[in-house]
Amino acid sequence: MYKNSLTILVLFATSLLFAQNDIEVLTPTHIKSVVLHGQKANNFAPIIRLGETLFFSFDDLDGDEKEYTYKLTHCTANWEVSDISSTEFTDGFTEDTIRDYENSFNTYQNYTHYELKLPNQNMRIKISGNYLISVLDEDGETVFTRRFMVYQQKVDVGVSTHKARKIADITSKQNVELVINYPNLRINNPSEEIQVSLYQNNDWNNVITHIKPQYFRGTQLIYKYGDETTFFGGNEFLYFDTKDYRSATNNIRRVELKDIYETRLYVDESRRYKSYTYNPDINGNYFIRTINAENPDFEADYTKVHFIYKANSIENADFYVYGAFNNWEFNNQNKLKHTTQDYYETDILLKQGFYNYNYVSLNENNTIDNTIEGTHFQTENNYTVLVYFKEFGSKYDQIVGYGVGSSLNLQN
């Protein structure tokens, strides 16, 4: 029922996804629990203000204390490598060793936990913009990468959410309106110098870019588009909590100890044609925690989580477990395997914690359908706005504005 209207937005998001992967190295199977965000409470987004602290950590399941290094790359608003030298965007070393690591303690799954903070005594970020952090092995080969953004608040960004304007979309979509005020920033040609990116739930695959201002009013840019800034509302994320690996809890059917703990969830039946039900979530994010030890960084264990999805028949489509736990990636680790009739299953090794997840499909021409779980205007979603500024003659894109909004209370 949503297929035709979905095509344009999804094709755009998908083309962006695969373009971005040109500079990205996807996460290998032995790297897990990658965390990248600011240090403010309840901050899951990889976005910080210039000068604030960025926290980065991950586990290596090989557990052999590898010597990893990291480096930063400055990128354009379109996630291509910027045409500036490393000394223009960092002070200190251009590459440095990750010195803070610890082997797991008293766990069935061995791993080495690595962590890093930026800025630190060896490296400091000098300018705003899009960044790529790369983790390198002892041979200088890139193991995996992650994206993050650094902003300077030179403009004010107002974000409001509304029901879709079209009658056909009013029950399934959400519209986002923006206002940018720039009394203290000189912008000569806003249509050429300003670029806006609009994310739903910090999902790299669900972003609208290259939005031009619709109206100009003094030092104010107004974006009151219809389809151009409209998203499918989707459905609330599902969740489970493995903080206690010895017993079943909400949404967990049973826990078994084999070589490691195995967690079997209840069957998730497709919600595509079901009515909306309010279910508080953290919009696809996750956080590591355990009640079985004091320090979850290196004392939380891993458990093999078994997902079972009963889907409505969709031809020529692959189903995936989807969320921030794997950076919204599509790979064999989170791809569901068809078992019997309409049932699809997979096992994913995950560290103890609270997880949000959902199901999406990817068809044979790489078009993402994130409405297979239903889509409703009532769904609570977070929207993040980043304002890029590249004045005439500049070599790089600054991020001069950051704004957030929620669909919890729609404005109409």
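The values are calculated or read from the model by the stated rules, or taken from the named source; none is laboratory data. Here the structure is a predicted model, which means the values were calculated and not measured. Cβ coordinates were reconstructed from backbone atoms using ideal geometry, including for glycine residues, and neighbour counts include every protein chain displayed.
What the table below lists for this structure:
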item: Count of the stretch 113-131 residues which are polar (S, T, N, Q) and in contact (Cβ under 8 Å) with a residue 40 or more places away in the chain; result: 2
item: The stretch 375-406, residues that are of a type in the set (Lys, Arg) and within 20 Å of Asn205 (Cβ to Cβ); result: none
item: Residue match in the stretch 290-309 (condition: of a type outside the set (A, V, I, L, M, F, W, C) and touching a helix residue (DSSP H, G or I) at 6+ places or on another chain (Cβ under 7 Å)); result: yes
item: Strands (runs of 3 or more DSSP E) wholly inside the stretch 54-106 that include at least 1 residues being over 19 Å from Leu36 (Cα atoms); result: 90-92, 100-103
item: Entirely in the stretch 303-412, the strands (runs of 3 or more DSSP E) that have 3 or more residues that are closer than 25 Å to Tyr273 by Cβ and modelled with pLDDT of 90 or more; result: 317-322, 343-351, 353-363
item: Filter result for the condition that a residue is buried (at least 22 other Cβ atoms within 10 Å of the Cβ), out of contact with any helix residue (DSSP H, G or I) (no Cβ under 8 Å at 6 or more places or on another chain) and either free of Cβ contacts under 8 Å to residues at least 12 places away in the same chain or of a type outside the set (Phe, Trp, Tyr) (or both), over Thr375, Thr346, Thr340; result: Thr375
item: Criterion: closer than 29 Å to Ile308 by Cα and either surrounded by 21 or more Cβ atoms within 10 Å (Cβ to Cβ) or under 25 Å from the mean Cα position of the chain (by Cα) (or both) - qualifying residue of Thr277, Thr249, Thr229; result: Thr277
item: Candidates Tyr302, Tyr309, Tyr322, filtered to the one that is over 18 Å from Ile31 (Cα atoms) and either of a type outside the set (A, V, I, L, M, F, W, C) or surrounded by 19 or more Cβ atoms within 10 Å (Cβ to Cβ) (or both); result: Tyr309
item: Meets criteria (buried (at least 19 other Cβ atoms within 10 Å of the Cβ) and not assigned by TED's automatic domain parsing to the domain that holds Asn381) for Asp169; result: no
item: Residues of the stretch 31-53 classified as in contact with a Leu (Cβ under 9 Å, 6 or more places away or on another chain), polar (S, T, N, Q) and not in a strand (DSSP E or B), total; result: 2
item: Condition check for Phe89: in contact with a Gly (Cβ under 8 Å, 6 or more places away or on another chain), modelled with pLDDT of 95 or more and of a type in the set (A, V, I, L, M, F, W, C); result: yes
item: Residue within the stretch 244-254 that is in contact (Cβ under 8 Å) with a residue 60 or more places away in the chain and more than 30 Å from Phe105 (Cβ to Cβ) present; result: no
item: Hits in the stretch 200-240 (condition: farther than 20 Å from Thr371 by Cα and either in the same structural domain as Phe44 (by TED's automatic domain parsing) or aromatic (Phe, Trp, Tyr) (or both)); result: Tyr215, Phe216, Tyr223, Tyr225, Phe240
item: Cross-chain or 6+ apart pairs with Cβ under 6 Å, the stretch 285-313 first and of a type in the set (Ser, Thr, Tyr), then assigned to a loop (DSSP other than H, G, I, E, B) and buried (at least 21 other Cβ atoms within 10 Å of the Cβ); result: Thr290/Ala300; Thr290/Gln352; Thr303/Thr242; Thr303/Tyr245
item: Positions within the stretch 195-214 being closer than 19 Å to Val179 by Cβ and aromatic (Phe, Trp, Tyr), in sequence order; result: Tyr199
item: Residue match in the stretch 189-200 (condition: part of a loop (DSSP other than H, G, I, E, B) and surrounded by 14 or more Cβ atoms within 10 Å (Cβ to Cβ)); result: no
item: Qualifying position, being touching a Gly at 6+ places or on another chain (Cβ under 7 Å), buried (at least 21 other Cβ atoms within 10 Å of the Cβ), in contact (Cβ under 8 Å) with a residue 60 or more places away in the chain and outside the structural domain of Glu192 (by TED's automatic domain parsing), among Tyr383, Tyr357; result: Tyr357
